[in-house]
Every structure is written in C-alpha cells, then in structure tokens.
Amino acid sequence: MIESAKPAWMLGPVHDPIDRDVSKRIEVLRIILIGLIVLAHGARGITVRIAGETGPLATLLLEVLNGHVDFVAVPLFFAISGFLFLRKFDLSLAAYGDMLRKKFVSVLVPYMLFNAGLAAWFYFVGSIEMMGSWNFLVGEGLFTKTFGLGTTPINYPLWFLRDLLVVFLVSPVFLVFFKEAPGVGLIAFFLLWTGLSEGPYSYAGDMFAFYLGGYVARLRLPLAGVSWWQRTACWAFGLLTVVLVCWTPLGFTDEGVRQFCFKANLVLGIAAFWRASAFTLIHDSKLLSRMGRHSFFVYLAHEPTMSVLQTKLLAVWRPAGDLQQVVFYFGSGLAVIFGLWLVAEALSKLVPRLYGFAVGARAVPPRRA
C-alpha cells in the first residue's frame, strides 16, 4: 500500500533522535531548576517573616539569586518543554486531539489534585502561614482559586502548569510559524514579550521561551558539547547580572530599559545554564540524575512543605545576622528538596500506581533487582 502524501499545510515531526548528551543534560537540569524554585520561594522566610532584620550579606545573596539567577528557571523549563514537545508535534487535527488528551493526564490531573489537596488541608487541618486559609479561599472564590482564573491557584507555584496548558492549547500557531517563517516567529514572540509585558513572567514570555525551544529543535541547532555561544553566554549573563544588581548605583534610571535588559538577561541565562549542565560534576552526577526522576513531585509539594517547615523553625529559632540567615535560607530549602525526594522514592515503590497517577504518570517505575 502506498502511503498518501501529507497535504502542503501539514508539518511533520522531527525524526532525528535526541543526542545522548542533550538528553543527559536535560535530565540533571530538571532537579537543579526545581531546586532554584524551591530556594526562591523559601527566601520569603527571610524577606517577609523577619523583614527589616536581614543582614547585608544575606541581602546581597538574595538580590543576586532571588532577584536574577533564579528567574531563569521558569523560561528554561518552558524552553525545554518546547524543545521536547514541538520537535515531535504534528500539525494535524488528530495529533492535536491526542495531545490534549495526554496533557489532561500529565498536567491537568496533578494540577487539580495538588490544588484540591491544599484546599482540603485548609478545611480539615487549618491555615498555612504565607499560603492561605479556608476563609481566605472562600472569600476569593473556591472555583476561581482552584483553576487559577485571573489569579494564582491555591497552591500558587502551580501557575506554571496552568500557563503550560494554555501554551499547549495554542501550540498549532507555533508550527505554522515553523513552516512559513520560523525566524519571524522568534522575533515576533520576543518583541511581544519585551514590548507588552511589564513583568518577566507572562503568557507572552511563556510562549517565547516555548517557541525558542521548538525553534532549536526544528532547525536542528547543535546543543551537544560546549560551543562558543555557550561560553559567551556565560560571561554575558554574569556581566549583565552585575549591571542589573548595581543598576541604580551605576546611575541608570530608565525602568523600561531595565526591564528589557532583565528579560534579555533571562535569555542569556538559558544558554548559561545549558553550559553549566555540561560540567562533569553536574553532567555525570548519579545523584542529580536519580533525583531528577522525582523532580515533578518536589515541585508539586514544595511550597506548603516549605511554609510549614519554616513556621516550625521560626517558632524556636529566629536567625539573626548574615551567617544564620544564609544557613536558614539554604538549610530549609535543601531540607525540603531532599525530604520530598525521599518521600517520592518511598511512594514510587510502595504505591507506584497511586504515585504515578498523582504526578501524571511521570514517575519512572522502580527497577527490579
């Protein structure tokens, strides 16, 4: 039987396999980026809970990490998602329907489950400091907060999944650009993000990063190894980060220019983190690779866990001075990351089906002896 040719408007997938080096770097980057997100959210234990008492070194540390470096995690996640998804996605009605069905399981189910679980906690157990309470939830609207309609969801870090679902819904638009004018699409989404969005995170920014990942995949741009653009991006990212941290002391005042430079720095940060993933200590780390298998669970459960842990810690210890605050910042963050990873390891072995359902069937089944 002769296979019929595809209509001219359709765009087939990229059939080339992902390079082993690229796959390995994505694997270890997952837990690193989730770790940065955990640390970023845990910084509120210093900046909000003990506001006005932060030491100068801790303040500088948070300005560099929370104010700039950690911001790269979200666009890099979108870029990785776009790279993995858009390289294989077929521009057809059947493929689109099948994709929506799969994303319902892998994204929407965990999103709803971990939002509903937190709501149940508020109702049966009580409020969680820095997150909310049942009365607050009812006042804001249970339906509105659960789905994150026009606001952050109950488990607020899960806004990423909500935005990712929206990006999946409009994904055929990206393939049209790839077929007709891939470079124009890249510039258009970048200008849409930098020109219309005030903050670094927005649907426009999500779409740009997602499209960027697909652009790299569709044009088969080389990612393996360490090339000149990765090294250059590292130096440029570091230099521009210093400039942004010292923006006012350097005499700059235009906020519009600062916002543009900040977003441009996030793009440099994507390349810089990709370069960092090639370092042997990171690339060949068996621990990071193993932890990466459960990074999604760490992400889903980290914020309520962090809030409860820091509330308990601050009840018996109020970190004063730079050293204690830095220890509190990294200590609570690492405790949450490793603690939830160990919980995920246990759940994936004790109740693999339930765990797989909770994380959208992303869990890797335990290896047999």
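The values are calculated or read from the model by the stated rules, or taken from the named source; none is laboratory data. Predicted model, so just to flag it, every value in this text is computed and none were measured. Cβ atoms come from the backbone with ideal geometry, glycine included; neighbour counts cover every protein chain shown. We work out accessible area using only protein heavy atoms, side chains counted, and drop any ligands, DNA or RNA first. Shrake-Rupley method; radii C 1.70, N 1.55, O 1.52, S 1.80 Å.
With all protein chains present, calculate the accessible area of residue 234 using a 1.4 Å probe and round the result to the nearest 10 Å².
Result for residue 234: roughly 50 Å² accessible.
Tally Lys/Arg at +1 and Asp/Glu at -1 over every other residue whose Cβ is under 14 Å from the Cβ of residue 248; what's the total?
Working: positive: 258; negative: 63, 254, 255.
Charge balance near residue 248 sits at -2.
Using a 1.4 angstrom probe on the protein heavy atoms only, line up 232, 54 by accessible area, largest first.
On the way: 232 75, 54 45 Å².
Descending accessible area places them as 232, 54.
Can you pull a Stokes-Einstein diffusion coefficient for the range 298-355 at 25 °C (0.890 mPa s), Rh from Kirkwood over Cα pairs, as a whole number of µm²/s? Numbers along the way, then the final one.
Details: Rh = 12.6 Å.
The calculation lands on 195 µm²/s.
Within the chain, what's the longest stretch lacking trypsin sites (Lys or Arg not before Pro) that sit in DSSP loops with no more than 11 other Cβ atoms inside 10 Å? Display every interim value, and only then the final one.
Values: sites that count: 220, 367, 368.
Here the longest run is 1-219.
Once a ≥ b ≥ c are taken as the square roots of the eigenvalues of the Cα gyration tensor of the range 42-163, is the result rounded (a/c under 1.5), prolate (a/b larger than b/c) or oblate (a/b not larger than b/c)? Could the numbers behind the result be given before it?
Numbers: a/c = 3.47, a/b = 1.33, b/c = 2.62.
Cα axes put the range 42-163 in the oblate bin.
If the reach is capped at under 22 angstrom between alpha carbons, list the lysines near residue 24, excluding any in the same chain fewer than eight residues apart.
Cross-link targets: 88, 286.
Where in the chain are the DSSP H helices whose C-alpha atoms run 27 Å or more along the long axis and whose mean Kyte hydropathy is at least 0.0? Provide the component values of the computation, followed by the final result.
Details: long enough: 20-42 (34 Å, 1.00); 255-276 (30 Å, 0.61); 295-316 (31 Å, 0.86); 321-350 (43 Å, 1.15).
Result, helices passing both filters: 20-42, 255-276, 295-316, 321-350.
Taking just the alpha carbons, could you work out the radius of gyration and Dmax for the range 175-290, both in angstroms?
16.3, 46
Return the whole-Å distance between the Cα centroid of the range 193-211 and the Cα centroid of the range 215-278.
If you average the Cα positions of each part, the centres end up 16 Å apart.
At 37 °C and 0.692 mPa s, what whole-number value in µm²/s does Stokes-Einstein give for the translational diffusion of the chain, with Rh from the Kirkwood sum over Cα pairs? Walk me through the numbers on the way to the answer.
Working: Rh = 22.1 Å.
Taking Rh from Cα pairs, D becomes 148 µm²/s.
Under 1.5 on a/c is rounded, so check that first for the range 253-369, then, if it is not, pick prolate when a/b is larger than b/c and oblate when it is not; a ≥ b ≥ c are the square roots of the alpha carbon gyration tensor eigenvalues.
Details: a/c = 1.97, a/b = 1.26, b/c = 1.57.
Since a/c reaches 1.5 but b/c is at least a/b, the shape of the range 253-369 is classed as oblate.
So which chymotrypsin sites (Phe, Trp or Tyr not before Pro) in the range 238-269 end up in coil per DSSP with only 14 or fewer other C-beta atoms within 10 Å?
Working: sites: 247, 252, 260, 262; in loops: 247, 252.
Sites meeting the loop and neighbour criteria: 252.
Could you compute the net charge surrounding residue 219? Neighbours are other residues with a C-beta less than 12 Å from the C-beta of residue 219; K and R count +1, D and E count -1. Before the final figure, lay out the partial values.
Numbers: positive: 87, 218, 220; negative: 16.
Net of charged neighbours comes to +2.
Which is the longest run of the chain containing none of the GluC sites (Glu not before Pro) found in DSSP loop states (not H, G, I, E, B) with at most 11 other C-beta atoms within 10 Å? Walk me through the numbers on the way to the answer.
On the way: sites that count: 3, 198.
Here the longest run is 4-197.
Cα atoms only: what Rg and Dmax, in Å, come out for the range 117-238?
19.4, 56
Around residue 292, what is the net charge, scoring Lys/Arg as +1 and Asp/Glu as -1 over all other residues with Cβ under 9 Å from its Cβ? Each step should come with its number before you reach the end.
Values: positive: 30, 290, 293; negative: 27.
Computed value for this residue: +2.
Calculate for the chain the 222 nm mean residue ellipticity that helices alone would give, adding -39,500 (n - 2.57) per DSSP H run of length 4 or more and normalising by residue count, nearest 500 deg cm²/dmol. If you can, show how the numbers build up before the last one.
Details: 19 runs with 253 residues, N = 369.
Taken over the chain, the calculation gives -22000 deg cm²/dmol.
What accessible surface, in Å², does a 1.4 Å probe find on residue 41, ignoring ligands, DNA and RNA and rounding to the nearest 10?
40 Å²
Shape call for the range 212-256 from the C-alpha gyration tensor, a ≥ b ≥ c root eigenvalues: rounded (a/c under 1.5), prolate (a/b greater than b/c) or oblate? Write out the running numbers ahead of the final one.
Working: a/c = 5.73, a/b = 2.20, b/c = 2.60.
Oblate.
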